[in-house]
(Lines give C-alpha, C1' and ligand atoms only; values in the text may rest on other atoms or scores of the structure.)
Protein backbone atom coordinates (compact mmCIF):
# COMPACT_ATOMS: atom_id res chain seq x y z
CA UNK A 1 0.00 0.00 0.00
CA UNK A 2 2.78 2.45 0.91
CA UNK A 3 4.69 1.51 -2.24
CA UNK A 4 1.63 2.23 -4.40
CA UNK A 5 1.12 5.65 -2.75
CA UNK A 6 4.79 6.47 -3.20
CA UNK A 7 4.52 5.57 -6.92
CA UNK A 8 1.50 7.88 -7.32
CA UNK A 9 3.35 10.65 -5.47
CA UNK A 10 6.38 10.35 -7.76
CA UNK A 11 4.18 10.36 -10.88
CA UNK A 12 2.26 13.38 -9.58
CA UNK A 13 5.50 15.29 -8.95
CA UNK A 14 6.95 14.45 -12.39
CA UNK A 15 3.86 15.37 -14.45
CA UNK A 16 4.42 19.19 -14.27
CA UNK A 17 7.96 18.75 -15.62
CA UNK A 18 6.63 17.12 -18.79
CA UNK A 19 3.60 19.41 -19.22
CA UNK A 20 5.40 22.71 -18.92
CA UNK A 21 8.27 23.55 -21.21
CA UNK A 22 11.73 23.86 -19.83
CA UNK A 23 15.26 24.16 -21.09
CA UNK A 24 18.58 23.83 -19.34
CA UNK A 25 20.46 26.87 -20.69
CA UNK A 26 24.22 27.36 -20.58
CA UNK A 27 26.53 30.20 -21.60
CA UNK A 28 24.00 32.92 -22.43
CA UNK A 29 26.15 35.91 -23.34
CA UNK A 30 26.47 38.95 -25.60
CA UNK A 31 29.52 40.27 -27.44
CA UNK A 32 30.27 42.97 -29.97
CA UNK A 33 30.73 41.89 -33.55
CA UNK A 34 31.84 43.72 -36.67
CA UNK A 35 29.93 46.68 -38.11
CA UNK A 36 28.25 47.67 -34.83
CA UNK A 37 26.57 44.32 -34.35
CA UNK A 38 25.84 42.61 -31.07
CA UNK A 39 25.99 38.82 -31.14
CA UNK A 40 23.98 36.80 -28.63
CA UNK A 41 24.60 33.12 -28.16
CA UNK A 42 23.48 30.36 -25.82
CA UNK A 43 23.34 26.60 -25.57
CA UNK A 44 20.72 24.22 -24.21
CA UNK A 45 21.73 20.92 -22.66
CA UNK A 46 18.16 19.70 -22.77
CA UNK A 47 14.76 20.94 -23.97
CA UNK A 48 11.33 19.66 -22.99
CA UNK A 49 8.28 20.89 -24.95
CA UNK A 50 10.08 24.10 -25.96
CA UNK A 51 8.48 25.93 -28.88
CA UNK A 52 10.65 29.03 -29.09
CA UNK A 53 12.84 31.57 -27.34
CA UNK A 54 12.00 35.27 -27.07
CA UNK A 55 14.93 37.69 -27.05
CA UNK A 56 14.39 41.01 -25.32
CA UNK A 57 16.60 44.09 -25.40
CA UNK A 58 16.07 46.39 -22.40
CA UNK A 59 12.77 44.59 -21.66
CA UNK A 60 11.39 45.00 -25.21
CA UNK A 61 10.88 41.98 -27.44
CA UNK A 62 13.09 42.09 -30.54
CA UNK A 63 13.11 38.53 -31.90
CA UNK A 64 11.56 35.08 -31.59
CA UNK A 65 13.71 32.07 -32.43
CA UNK A 66 12.17 28.63 -32.95
CA UNK A 67 13.52 25.72 -30.96
CA UNK A 68 15.84 23.44 -32.93
CA UNK A 69 14.19 20.46 -31.26
CA UNK A 70 11.07 20.53 -29.09
CA UNK A 71 12.35 17.64 -26.99
CA UNK A 72 16.04 16.98 -26.86
CA UNK A 73 18.81 15.88 -24.54
CA UNK A 74 21.47 16.76 -27.11
CA UNK A 75 23.41 20.01 -26.86
CA UNK A 76 21.76 22.67 -29.05
CA UNK A 77 23.50 25.93 -29.99
CA UNK A 78 21.63 29.16 -30.75
CA UNK A 79 22.76 32.60 -31.87
CA UNK A 80 21.21 35.88 -32.91
CA UNK A 81 22.86 38.94 -34.44
CA UNK A 82 21.35 42.28 -33.46
CA UNK A 83 21.98 44.38 -36.58
CA UNK A 84 20.38 47.53 -35.25
CA UNK A 85 23.52 49.66 -35.53
CA UNK A 86 21.57 52.88 -35.07
CA UNK A 87 21.03 51.91 -31.46
CA UNK A 88 24.76 51.67 -30.94
CA UNK A 89 25.10 55.30 -32.01
CA UNK A 90 22.44 56.44 -29.52
CA UNK A 91 23.04 57.87 -26.08
CA UNK A 92 22.34 54.52 -24.40
CA UNK A 93 25.54 53.27 -22.78
CA UNK A 94 24.60 49.61 -22.38
CA UNK A 95 22.05 47.01 -23.44
CA UNK A 96 20.57 44.24 -21.33
CA UNK A 97 19.42 41.14 -23.19
CA UNK A 98 17.17 38.49 -21.71
CA UNK A 99 15.67 35.18 -22.83
CA UNK A 100 12.15 33.92 -22.34
CA UNK A 101 11.39 30.25 -22.91
CA UNK A 102 8.00 29.55 -24.52
CA UNK A 103 6.60 26.04 -24.33
CA UNK A 104 4.29 24.32 -26.80
CA UNK A 105 1.23 25.42 -24.79
CA UNK A 106 2.27 29.08 -24.88
CA UNK A 107 3.47 29.22 -21.24
CA UNK A 108 6.40 31.61 -20.85
CA UNK A 109 9.28 31.34 -18.40
CA UNK A 110 11.86 34.11 -18.03
CA UNK A 111 15.44 32.87 -17.93
CA UNK A 112 16.98 34.55 -14.85
CA UNK A 113 20.37 35.47 -16.38
CA UNK A 114 20.72 38.77 -18.23
CA UNK A 115 23.51 39.33 -20.77
CA UNK A 116 24.75 42.92 -20.65
CA UNK A 117 27.04 44.74 -23.04
CA UNK A 118 28.47 48.22 -22.89
CA UNK A 119 28.27 50.12 -26.15
CA UNK A 120 29.80 53.44 -25.22
CA UNK A 121 33.20 54.15 -26.68
CA UNK A 122 34.34 56.30 -23.81
CA UNK A 123 35.24 59.13 -26.22
CA UNK A 124 33.05 62.20 -26.44
CA UNK A 125 32.43 63.14 -30.05
CA UNK A 126 32.14 66.88 -29.68
CA UNK A 127 34.05 69.62 -31.44
CA UNK A 128 35.34 70.93 -28.11
CA UNK A 129 36.76 67.58 -27.08
CA UNK A 130 38.48 67.15 -30.47
CA UNK A 131 40.09 70.58 -30.19
CA UNK A 132 41.26 69.74 -26.68
CA UNK A 133 43.16 66.74 -28.03
CA UNK A 134 45.39 69.00 -30.16
CA UNK A 135 46.16 71.73 -27.59
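The values are calculated or read from the model by the stated rules, or taken from the named source; none is laboratory data. No experiment lies behind these values; they were computed from the predicted model shown. No Cβ is skipped: glycine too gets one built from the backbone with ideal geometry, and neighbour counts run over all protein chains shown.
Data table
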item	result
Residue 65 at pLDDT 95 or above and either closer than 18 Å to residue 26 by Cβ or over 11 Å from the mean Cα position of the chain (by Cα) (or both)	yes
Residue match in segment 20-34 (condition: in contact with a helix residue (DSSP H, G or I) (Cβ under 7 Å, 6 or more places away or on another chain), within 30 Å of residue 119 (Cβ to Cβ), exposed (fewer than 15 other Cβ atoms within 10 Å of the Cβ) and modelled with pLDDT under 85)	no
Pair list, Cβ under 9 Å, 6 or more apart: segment 39-51 residue at positive phi and at pLDDT 95 or above, other residue in a strand (DSSP E or B) and buried (at least 18 other Cβ atoms within 10 Å of the Cβ)	none
